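Here's the structure, in structure tokens; my notes come after.
The values are calculated or read from the model by the stated rules, or taken from the named source; none is laboratory data. None of these values were measured; they are calculated from a predicted model. Here Cβ is always computed from backbone atoms with ideal geometry, including for glycine, and neighbour counts include all displayed protein chains. Note: areas computed on protein heavy atoms with side chains; ligands, DNA, RNA excluded. Shrake-Rupley method; radii C 1.70, N 1.55, O 1.52, S 1.80 Å.
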Amino acid sequence: MSDGKPARPTMEDVARHAGVSQMTVSRVMSSKGYISEKVRDKVLTAARDIGYVQNRLARGLRSEQTPLIAVVLPTLGNTVFTDVLSGITDALTQNGYRPVFGLTEYSETREETLVRDLLSWRPSGIVLTGLEHSGATRQAIAASGVRVAEIMDVDGPAMECAFGLSQKAAGQHTARHLLGRGHRRFAYAGSQNGQDLRAVKRLEGFRQTLREAGAVMISEDVSTAPSSMVEGRRLTADILTRADQPDAIYYASDDLAAGGLMHCLSNGIDVPGTLALAGFNGLPFLNALPLQLTTVETPRYEIGLQAGRFLVSDQAQEALPDGCVDLGFTLIPGQTC
């Protein structure tokens, strides 16, 4: 008995409307095999005209895999991970795959739940952020047999292949730069309650370099709030109300550092004469600030692009012995130190 709804268009309907074989439509939809641009356009136009939508899940059930790549990110609250996702998406769409993603908000438990949910869709691969994951997450991925790319960090062994930068080295490099400018008394401002493990590694590298130079870290303030300019401004105000004053503040991110700069400029604090500031990531919005922020620029798009290409390619990836591909970073001296 009909429920009154029109029947969904099928691949056979597309073939009839385009005047081609059903096999040709299948090749266009799966992006496999050679198809001329003229024929491809003809098939896609026919699909649009009749409202055909490919059933990718059904295709995946037949092959035990779908043309999906699961992407697990901490947040999209700033452009750090939107840049990474752009790189992943470009790599996947060029090869006939699509990303499906979830956000952990820096929670290991939430990551574990997301990974299990996403694996139930039988993706062809999965992207994880960082190198630290729960035993249950690792077990679920191993049992699934999918390829895995970890991103943003190379300070440790990868499950299969990791794409990123040495977070510890970035912290060390920033510390050496600030020390080279004559600074000796430091404060640190972070967020996310210390759950951003890449920021923790940068701080470890920063601390280590200060100790070796005989410099002092007089305070470390890590809030429970997400990273933002507002939070950076608040943290900076708190640090500067204390009797023991730093001559430089190292921030876990650029948005925190930008908020710190706004606080200083609003309160007549000479930057960098009285106080030096340094951030991390090299985000595009920094170009709109009154002073160029000293920061470390990271290759976020390239990290996503290479991770995506790795998951959809049969070619082996040239990696370090621990399975990591170090894409490096660039220190931007700026005007704030």
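Between 99, 321, 226, the Gaussian network model of the chain with springs among Cα atoms under 10 angstrom shows the greatest mean-square fluctuation at 321.
Our estimate of slack between residue 292 and residue 8, defined as 0.36 nm per intervening residue step minus the Cα-Cα distance, is 96.6 nm. The heavy atoms of residue 89 offer some 40 square angstrom of accessible surface to a 1.4 angstrom probe.
When the Gaussian network model of the chain links Cα atoms closer than 10 Å, the mean-square fluctuations of 269, 50, 141 top out at 50.
State the label only: which of [x] 30; [y] 18; [z] 40 corresponds to percent of Cα pairs over 33 Å apart computed from the shown model? Working out percent of Cα pairs over 33 Å apart from the coordinates points to [z].
The slack between residue 221 and residue 94, meaning 0.36 nm per residue of separation minus the straight C-alpha distance, is 41.4 nm.
Distances between placed amide hydrogens fall under 5 Å for residue 101 paired with 71, all partners being 5 or more residues away or on another chain.
Hey, in the GNM for the chain with a 10 angstrom Cα cutoff, which one of 83, 326, 49 fluctuates hardest? Its mean-square fluctuation being the largest, the pick is 49. The accessible-area ordering, largest first, of the residues 42, 201 stands as 42, 201, per a 1.4 angstrom probe. The separation of the range 141-191 from the range 215-292, counted between C-alpha centres, amounts to 20 Å. Site pair residue 40 and residue 82 shows an inter-label distance of 2.9 nm when each label is modelled 7 Å from Cα along Cα→Cβ. Taking every DSSP bridge with both residues inside the chain, close to 10 percent are antiparallel. When the solvent-accessible area of the chain is split by element, carbon and sulfur atoms take up 50 percent of it, the probe being 1.4 Å.
Can you tell me the length gained on complete extension of the stretch residue 193 to residue 181, counting 0.36 nm per residue apart and subtracting the Cα distance?
Gain on stretching residue 193 to residue 181: 1.3 nm.
Of the residues 156, 47, 174, the one whose Cα sits farthest toward the positive end of the charge dipole of the chain, with +1 on the Cβ of Lys and Arg and -1 on the Cβ of Asp and Glu, is 47. Can you tell me the FRET efficiency between residue 335 and residue 109 if r is taken as the Cβ-Cβ distance and R0 is 41 Å, rounded to the nearest 0.05? Plugging the Cβ-Cβ distance into 1/(1 + (r/R0)^6) gives 0.45.
Scanning residues 5 or more positions from residue 147 or on other chains, those with amide H under 5 Å from its amide H are 126, with H placed 1.01 Å from N in the peptide plane.
Dipole size of the range 206-306 about its Cα centre, with +1 on Lys/Arg Cβ and -1 on Asp/Glu Cβ: approximately 60 debye, rounded to the nearest 20. For residue 247, the residues whose amide H sits under 5 Å from its own are 184, 185, 186, ignoring neighbours fewer than 5 places away on the same chain, with H placed 1.01 Å from N.
Accessible surface ranking for 185, 211, 1.4 angstrom probe, highest first: 211, 185. What the Cα convex hull of the range 211-337 gives, in volume per residue, is 151 Å³.
With both labels modelled 7 Å from their Cα along Cα-to-Cβ, the residue 243 to residue 120 distance reads 5.8 nm. Applying the Karplus relation 6.51 cos²θ - 1.76 cosθ + 1.60 with θ = phi - 60° to the range 271-278 yields 3J(HN,Hα) values of 10, x, x, 8, 9, 9, 10, 9 Hz, where x marks Gly and Pro. Charged side chains reduced to their Cβ positions (Lys and Arg at +1, Asp and Glu at -1) give the chain a dipole of some 880 debye around its Cα centre.
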